[in-house]
Amino acid sequence: MKTLHLPSLVLAALLLGACSTGTNHSPAHGDHAAHVHEAPAHTQAAADPIAPVFEAYFRLKDALVAADSVQAPKLAVALDGTFHSMDRNALTAELQAAWDELMATIMEPLHPFYVATGLEEQRALFAQLTPGMLQLAKAAPTAQPVYLDHCPMYHGGADWLSREQAIKNPFYGSAMLSCGKVKETIGK
């Protein structure tokens with residue numbers, strides 16, 4: 001009979017558990033190819049627990065600006081992960097109530113994003129995602145300003161959030177990159 005060494009067992013347990021963290025919310029969560037793994041921003045999260053959520057949203061927006069329909073669903077999965085891994089207890093009681101209310105609003109367009117392969121469908125879902133993100137930005141302003149941008153041409157008008165004041169339209173990408181205007185500055 002072979003004997004297993006304790007360090008080998010510990011290593012095996014760590015390797016098996018490495019990809020099983022998080023909560024599954026759709027079949028896409030089981031697909032490891034769809035996950036975007038990044039180093040956690042512990043310092044940033046400690047200072048502002050909601051900052052990683054905004055960073056994930058901005059990465060998704062940037063993928064749509066670049067018309068990257070392959071990366072966008074992966075980034076939607078990553079955004080979902082930041083929502084579900086955010087430490088709700090680090091929020092004030094008032095912000096916890098707003099967070100709970102927004103989760104349903106934000107998840108409704110986010111979950112179909114996982115399987116959306118067409119750029120137009122992804123952009124339409126992104127337009128639906130932004131109002132909830134706007135509410136979150138207003139409920140918990142970040143240290144860095146967030147710009148509410150507006151494109152008057154996309155489906156009668158659509159908004160998105162940006163860290164940059166310069167317009168980079170996620171709804172039309174390079175076809176009309178600078179179409180739009182800053183409607184509001186949130187924060188600073």
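The values are calculated or read from the model by the stated rules, or taken from the named source; none is laboratory data. For clarity, every value in this text was computed on a predicted model and none was experimentally measured. Counting neighbours? That spans all protein chains shown, and the Cβs are built from the backbone with ideal geometry, glycine included.
Among the residues of the range 93-112, those that are free of Cβ contacts under 8 Å to residues at least 24 places away in the same chain and either surrounded by 16 or more Cβ atoms within 10 Å (Cβ to Cβ) or within 16 Å of the chain's Cα centre (by Cα) (or both) comprise 103, 104, 108, 109, 112.
Check the range 91-101 and report whether any residue there is of a type outside the set (A, V, I, L, M) and in a loop (DSSP other than H, G, I, E, B).
Let us first name the residues in the range 91-101 that are of a type outside the set (A, V, I, L, M), namely 92, 94, 96, 99-101.
Applying the additional criterion that residues be in a loop (DSSP other than H, G, I, E, B) yields 92.
Yes; the residues of the range 91-101 include at least one that is of a type outside the set (A, V, I, L, M) and in a loop (DSSP other than H, G, I, E, B).
Look at residue 64 and say whether it is modelled with pLDDT of 90 or more and either touching a helix residue (DSSP H, G or I) at 6+ places or on another chain (Cβ under 6 Å) or surrounded by 19 or more Cβ atoms within 10 Å (Cβ to Cβ) (or both). Yes; evaluated as a whole, the condition is true for this residue. The set of residues in the range 165-178 that are closer than 21 Å to residue 72 by Cα and not polar (S, T, N, Q) comprises 167, 168, 170, 171, 172, 173, 175, 176, 177.
Once the range 170-187 is narrowed to residues that are touching a residue at least 60 places away in the same chain (Cβ under 8 Å) and buried (at least 20 other Cβ atoms within 10 Å of the Cβ), the residue that is farthest from residue 47 (Cα to Cα) is 171. Every test in (1) closer than 16 Å to residue 72 by Cα; (2) not in a strand (DSSP E or B) is passed by residue 160 save one, and that test is (2). Go through the range 128-169 residue by residue and tally those that are at positive phi and in contact (Cβ under 8 Å) with a residue 12 or more places away in the chain. The total comes to 1.
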